[in-house]
There are 2 protein chains.
Amino acid sequence: MSVSLADSTAATSTSARDFPAVFLRVAPHMARLDAFLREQVALFEPEIREMADYCIDTTGKRIRPALVFFAGWSDGPPSDDLVRVAAVVELVHLATLVHDDIMDEAEVRRGRLTASRRYGPAAAVLLGDALFAHALYLAARFPTTEVCAAVSESTRRVCAGEIVQTLRRRTTAITRADYDRVIDLKTAELFRVSCSLGAKFGGYGENFANAAAVFGRHLGIAYQIYDDLADFFGREQRIGKTLGTDLASGKLTLPLFALRAKLSPSERAELESELEGRLSAQFALRREQMERLDIFPEVVAEIECELAKGEAALSAYAGVAAVAHLAALSAVLRAQVAALR
Amino acid sequence: MSVSLADSTAATSTSARDFPAVFLRVAPHMARLDAFLREQVALFEPEIREMADYCIDTTGKRIRPALVFFAGWSDGPPSDDLVRVAAVVELVHLATLVHDDIMDEAEVRRGRLTASRRYGPAAAVLLGDALFAHALYLAARFPTTEVCAAVSESTRRVCAGEIVQTLRRRTTAITRADYDRVIDLKTAELFRVSCSLGAKFGGYGENFANAAAVFGRHLGIAYQIYDDLADFFGREQRIGKTLGTDLASGKLTLPLFALRAKLSPSERAELESELEGRLSAQFALRREQMERLDIFPEVVAEIECELAKGEAALSAYAGVAAVAHLAALSAVLRAQVAALR
């Protein structure tokens, strides 16, 4: 088990020194979650249990479950409800990863073959569907429809964000508002609902749950911007993936927006040709330009801005146990950003 | 709007003479359903509304909604709940079609480009996910979690059946029990849950709902066997699709099981080589052998057997309005089977 806002626990970055002590306290929660997820495998039809087991990978980052547990924090072991909420959001996330890896034709994730590579893309489409269906099945085990409603609506929004991003690849007629909207949908939405449901099932009231939801949303935006920044400034061994994939696949992210704005018209046209696939991607050049034109601090300022908005949403609840735990997640993300330099 | 157990309403077979008069009575229900489905488009994120609208095709067969309305039949307009249940099962079905068409690399469905062909397979994976998520979102609008639970569990089972079928393509070490299990999961499950939920939300009691579920399951099995038979004995213009696709894609269906059992060892080895892709499919030969070895009546007997089991489940409810309507669906399937000759 590990909780990290880094991109891969397989990387060497997840040493204990990266983590505030508060993270050690969530270890028993994560162990409970892992055991619960393992139990779920037996509920799948016998023919697909081995495949479900393969996809229900418990070595991942578990960011969304951490948000559930932290937003619903109380000392002592987590309630069964909180563990189930954590499982629901993690299963939805795992389902989206299975489908993402098909679309990206990814071969390896976390050091293992992707489901698409192992079982073929056709089976992987259906396997992702089955994981998502099981998430909703667990959501329907609550006494009310609240979890089903929240998770299904969030999932539709996550899909909408990913669809838009997919259709915009290799196009450059995109505004900053378009980018903001996509990351709000594809990443911030599930962070938001994790915090909201965590707070509610942790026994906190409606007002705090709403504040936690705002925090989660901004943390999610900040996290996605960090992820996009790491694609240019990370060290491959540390973040556990190849750099430059956004540029190579024609995905116009915030660092590229910032760079584009600072280039001359002719340089800008060349960058756009790379993104549109008419020229080969020049990663080393773009990285060097980003250094020279101070793109890094500009993007970090945006991350800070989102984290500040998130923290502000919780400012009225300074004494609440959950708040210190959620704030620790902001601290971890700041440390990860700092580690890029 | 049309209700048919035929494979395509685009085909010329869906003339009024094929339908018992009872089908005309469901027309206003289907109109309500279509209007309701159209309204749903506005609930999708603006960026994907046009795509959702494209996928929410109201020209389809609407078999599962028909089961909902018939199992929950009462004279007069259907309740909002019944319309919503019908929309949920239809959206789940439409989501699976979007994903099926990606896996089969299908270009056209019902005379239009498939979503995969129109928006690309990557967007289509996500679009199917969004449709499914919206189905569960509607399911969560009921006062209890019953619809969410039933539909999410059914969906997982449908996916399990399709995964097994996908992984078994081009393999011939398959028993009849394996085939039965796959069609029970991939087709009968959603028929079953449509009848069960239709009866419940039509105000019928638990016992009748269970009987209707058994009927739906057997109708679903019978329908899938018919569909597999039509792949050899249909007329292309009538069933609206290319014949011989199961043989060509290495899918061992009931007509092929029956044929294999009647071939000599050397002939059987040749058929298995075709299914395994080591020899080109010989559709004309297989069709001729099926004629000569009386495979058609043998398979029809299996369809009859399933329909009889389904009708038997309803025999204790002879006076119930829903029963006459459900029985009409058996009659339609029998007519479709007869029309293959």
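Bear in mind that the values in this text are calculations on the coordinates, not laboratory data. All figures in this text were calculated on a predicted structure; none of them were measured in a lab. A quick note on method: Cβ atoms are made from the backbone with ideal geometry, for glycine too, and the neighbour counts reach across all protein chains shown.
General remarks:
- Inter-label distance for A:Ala316 and A:Glu276, nm, one decimal - labels placed 7 Å from Cα along Cα-to-Cβ: 4.9 nm
- Using the Cβ-Cβ distance between A:Ala301 and A:Ala331 with R0 = 25 Å, the FRET efficiency computed as 1/(1 + (r/R0)^6) comes to roughly 0.90.
- Positive-end extreme of charge dipole, the stretch B:140-215 - chosen from B:Ala188, B:Val147, B:Leu167 (charges on Cβ): B:Leu167
- Using only the C-alpha atoms, the convex hull of the stretch B:51-208 corresponds to 125 Å³ per residue.
- Rounded if a/c under 1.5, otherwise prolate or oblate - the stretch A:86-174, Cα gyration tensor axes: oblate
- With an a/c value of 1.5 or above and a/b not larger than b/c for the gyration tensor axes a ≥ b ≥ c computed over the alpha-carbon atoms, the stretch B:291-341 is described as oblate.
- For the segment A:165-171, counting C-beta atoms of other chains within 10 Å of every residue's C-beta and taking the mean gives 3.
- In the stretch A:16-339, the convex hull through the Cα atoms has an average projected area of 16.4 nm², a quarter of its surface area.
- Using a Förster distance of 35 Å, the FRET efficiency for A:Asp80-A:Asn207 (Cβ separation, nearest 0.05): 0.90
- Cα-centre dipole for chain B with unit charges at Cβ (Lys and Arg positive, Asp and Glu negative), debye to 20: 320 debye
- ³J(HN,Hα), Karplus 6.51/-1.76/1.60, whole Hz, each residue of the stretch B:198-213, x for Gly, Pro: x, 4, 4, 7, x, x, 7, x, 4, 4, 5, 4, 5, 5, 4, 4
- Nearest 10 degrees, 0 to 90: helix A:321-339 Cα axis against chain A principal axis: 30 degrees
- Between A:Ala339 and B:Ala248, the modelled label-to-label distance comes to 5.3 nm, taking each label 7 Å out from Cα in the direction of the beta carbon.
- Unpaired by the 4.7 Å Cβ criterion, cysteines found in chain A: A:Cys55, A:Cys159, A:Cys195, A:Cys305
- Contact order normalised by residue count of chain B, Cα under 8 Å, 6+ apart, percent: 21 percent
- The simple Förster model, with R0 at 22 Å and r as the Cβ-Cβ distance, assigns B:Asp53 and B:Val108 a FRET efficiency of 0.75.
- Magnitude of the charge dipole for the protein assembly as shown, about its Cα centre and with charges confined to Cβ atoms of Lys, Arg (+1) and Asp, Glu (-1), is about 40 debye.
- Long-range Cα-Cα pairs in the stretch B:115-262 (distance over 28 Å), rounded percent: 32 percent
- Helix A:27-40 axis, angle to chain A major axis (alpha carbon atoms, nearest 10°): 80 degrees
- Acute angle (nearest 10 degrees) that the helix A:80-103 long axis makes with the longest principal axis of chain A, alpha-carbon atoms: 30 degrees
- Calculated from backbone phi, Karplus (6.51, -1.76, 1.60) coupling profile of the stretch A:107-120 in Hz, x at Gly/Pro: 9, 10, 9, 6, x, 10, 4, 5, 4, 4, 6, 7, 10, x
- Relative counts (whole %) of C-alpha pair distances in the protein assembly as shown, using bins that are 20 Å wide: 17, 47, 28, 7, 0
- By other beta-carbon atoms within 10 Å, ranking B:Asp34, B:Asp246 with the fewest at the front produces B:Asp34, B:Asp246.
- Binned Cα-Cα distance frequencies in the stretch B:231-341 - 10 Å width, integer %: 13, 37, 27, 16, 6, 1
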